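Structure record follows, encoded as structure tokens.
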Amino acid sequence: MRKHEDEKQGDRKPGRPTERVRDDHATLPDETRFLSSQIQRLAVQMERANFAEYVQLMQRPRRLIFLNFVSGMSRGVGIALGFTIVAAVILYVLQKVAVLNLPIIGDFIADIVRIVDAQLHTSSY
């Protein structure tokens, strides 16, 4: 009874698919009954997967472009922030290791500092 009231009012609840195929399996042959049940399952799965909203999105290219732009910007900002945090942690650890003045690691870091310093004082143009 509740399903019929919702369909009459046009009030569809999200996540609650409407029944599009009637259940009159008793009067159908076996093959038709099987196909009918498969079609009904497919209709319910398409409604659960929000297939109609996907089709509507594909029919509105400006909205699709806008959503892709926003998601790309968000991804880019996330990658930049993540790389900044990881690089800061690595530099912090390297500073702490340099203070310990370990022979092998200290020489390696000193070589890196000399290379960077030489590159800064050499004009490349």
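Residue-by-condition table, conditions (1) exposed (fewer than 10 other Cβ atoms within 10 Å of the Cβ); (2) under 30 Å from Ile109 (Cα atoms):
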site	(1), (2)
Gln45	no, no
Arg48	no, no
Phe51	no, no
Gln59	yes, no
Arg63	no, no
Val70	no, no
Gly76	no, no
Phe83	no, yes
Val86	no, yes
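Here the helices (runs of 4 or more DSSP H) wholly within the range 11-125 that include at least 3 residues being at pLDDT below 80 are 61-100, 103-121.
Residues that are more than 17 Å from the chain's Cα centre (by Cα) and exposed (fewer than 10 other Cβ atoms within 10 Å of the Cβ): does the range 92-99 have at least one? Yes, some residue in the range 92-99 is more than 17 Å from the chain's Cα centre (by Cα) and exposed (fewer than 10 other Cβ atoms within 10 Å of the Cβ).
The values are calculated or read from the model by the stated rules, or taken from the named source; none is laboratory data. Owing to the predicted nature of the structure, the values given are computational and were not obtained by experimental measurement. Quick reminder, even Gly has a Cβ in these numbers, built from the backbone with ideal geometry, and neighbours come from all protein chains shown.
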